[in-house]
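The values are calculated or read from the model by the stated rules, or taken from the named source; none is laboratory data. Everything numeric here is computed off the predicted structure, so don't read it as measured data. Glycine also receives a Cβ, built like all others from the backbone with ideal geometry; neighbour counts cover every protein chain displayed. Side chains included, ligands, DNA and RNA excluded: accessible areas come from the protein's heavy atoms. Shrake-Rupley method; radii C 1.70, N 1.55, O 1.52, S 1.80 Å.
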Amino acid sequence: MTPSRNGSASMGVSDFLLNCFVRSPSWQLWLSLPLSLLFLLAMGANIILLITIKLEASLHQPMYYLLSLLSILDMVLCLTVIPKVLAIFWFDLRSISFFACFLQMYIMNCFPAMESCTFMVMAYDHYVAICHPLRYPSIISDQFVAKAAIFILARNALLTVSIPILSARLSYCGRNVIENCICANMSVSRLSCDDVTINCLLQFAGGWTLLGSDLILIFFSYTLILRAVLRLKAEGAVTKALSTCGSHFILILFFSTILLVFVLTHLAKKKVSPDVPVLLNVLHHVIPAALNPIVCGVRTQEIKQGIQRLLKKVW
C-alpha cells in the first residue's frame, strides 16, 4: 500500500488492535460480569426513563426534555464503548477498523462535552425556577429547550471534530497496537511517528475550555441559587428548593467525580498502574449512565409515579 499522510490507511495501517489491561490481564475476567450488568442497567433504566417521559403528559415539561436528552447521550456513549470492550473480554475481538476507531474517538470527545453542556442548561433551569419563579414559564419554554438542544449539539459537535481529524491525518508507520480498551486520542496518537504536540495541546485545551467553562457556569448558577435559598423565609421553602436541585447536583457529582479521578490518576501515572486510568476511562462511560436515571427516578416524585404507572400497565 502506498504511504499517504492524508489517506485513511496511513503508512499501511488499515485497522488497529486494542490491547486491554496488558499488565493486569486477570482484570478482564473479574471485570466482564459487573461491566455487563452495568451496561444492561444503563440501557434498561434509560429506556424506561425515556418511555415514561414520552407517555406521561405531566412530564412534558422543559426540565424532563433535558433529562431525555441526557439519557440519549448516555445511551450513545455506552453503545459506542461498552459492547466493544465486552467483545474484547469475551471473544478476544481486539481489531477495530481505522474509520471505526476515529468515529469512536469523536463520540468519546463530543458526547461528554454535550452532557456537560446539558448540565449547564439544567443548572440555568433551576436558577430561573428558584430565583425568578414568576418568570419561569416565559423564560424556560419549549422553544427555549429546542434552542438549547441545538446549541448543545452544534457547539460540541463542531468544536471537537478537529481532534479525530488531526489524529487520523498522522502517519502511523505500521504500528497499530493501542495500549487501551478504547480509541482514546492520546493512546492512538502515540503510535504515530509524527510530532503529536498539537494533538496533546488540542486535547488539553478543548477539554478544559468546554468542560471547564460549563463547570464554572454551573458553579455560578448554584452560588446564586444558594444565596436566594438562604433568603427564603417561608416555612419549608428552603427544603423544597434544595430538594429540587438535589438530584441534579448528584448527577453532576457522578459525572465530575469519575472524570476528576481519571485526570488525577493520569497525572500521577508514575505512582499507579497504567491500567488504572484505562479502567477509569471505561467506567466513566457506563457508571453515570447507569446511575443517572435511577437517581432521577428515586428523587423526582413525578418520574417515580410515572414509572410505577408504566410498570403496572406492563405487568
Scan segment 52-59 and tell me whether some residue there is open to solvent by 30 Å² or more (accessible area, probe 1.4 Å), modelled with pLDDT of 95 or more and either over 19 Å from I294 (Cβ atoms) or of a type in the set (S, T, N, Q) (or both). no
Of (1) modelled with pLDDT of 90 or more; (2) closer than 30 Å to P25 by Cα; (3) not hydroxyl-bearing (S, T, Y), A154 satisfies every one except (2)
Looking at segment 85-102, which of its residues are within 21 Å of the chain's Cα centre (by Cα) and crowded, with 16+ Cβ neighbours inside 10 Å? V85, L86, C101, F102
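Each row is one residue, and each column tells you yes or no for (1) of a type in the set (S, T, N, Q); (2) assigned to a helix (DSSP H, G or I); (3) in contact with a Ser or Thr (Cβ under 9 Å, 6 or more places away or on another chain); (4) free of Cβ contacts under 8 Å to residues at least 12 places away in the same chain.
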{"site": "I163", "(1), (2), (3), (4)": "no, yes, no, no"}
{"site": "L170", "(1), (2), (3), (4)": "no, no, yes, no"}
{"site": "S187", "(1), (2), (3), (4)": "yes, yes, no, yes"}
{"site": "D195", "(1), (2), (3), (4)": "no, no, no, yes"}
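Being among the hydrophobic types (A, V, I, L, M, F, W, C), open to solvent by 30 Å² or more (accessible area, probe 1.4 Å) and outside any helix (DSSP H, G or I): is that true of L79 here? Break it down into steps so the answer makes sense when it comes.
Working: among the hydrophobic types (A, V, I, L, M, F, W, C): yes; open to solvent by 30 Å² or more (accessible area, probe 1.4 Å): yes; outside any helix (DSSP H, G or I): no.
Spelling it out, it is not the case that L79 is among the hydrophobic types (A, V, I, L, M, F, W, C), open to solvent by 30 Å² or more (accessible area, probe 1.4 Å) and outside any helix (DSSP H, G or I).
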Restricting attention to segment 159-168, does a residue exist that is within 24 Å of I287 (Cβ to Cβ) and under 15 Å from the mean Cα position of the chain (by Cα)? yes
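Rundown of residues vs (1) in a helix (DSSP H, G or I); (2) crowded, with 21+ Cβ neighbours inside 10 Å; (3) in contact with a helix residue (DSSP H, G or I) (Cβ under 9 Å, 6 or more places away or on another chain), yes/no style:
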residue: I252; (1), (2), (3): yes, yes, yes
residue: F255; (1), (2), (3): yes, yes, yes
residue: V276; (1), (2), (3): yes, no, yes
residue: N281; (1), (2), (3): yes, yes, yes
residue: G306; (1), (2), (3): yes, yes, yes
residue: K312; (1), (2), (3): yes, no, no
Are there any pairs, at least 6 apart or on different chains, whose C-beta atoms fall under 6 Å, with the first in segment 205-226 and open to solvent by 50 Å² or more (accessible area, probe 1.4 Å) and the second part of a helix (DSSP H, G or I) and modelled with pLDDT of 90 or more, and if so, which? L217/M120
Out of (1) modelled with pLDDT under 95; (2) assigned to a strand (DSSP E or B), the odd one out for I96 is which? (1)
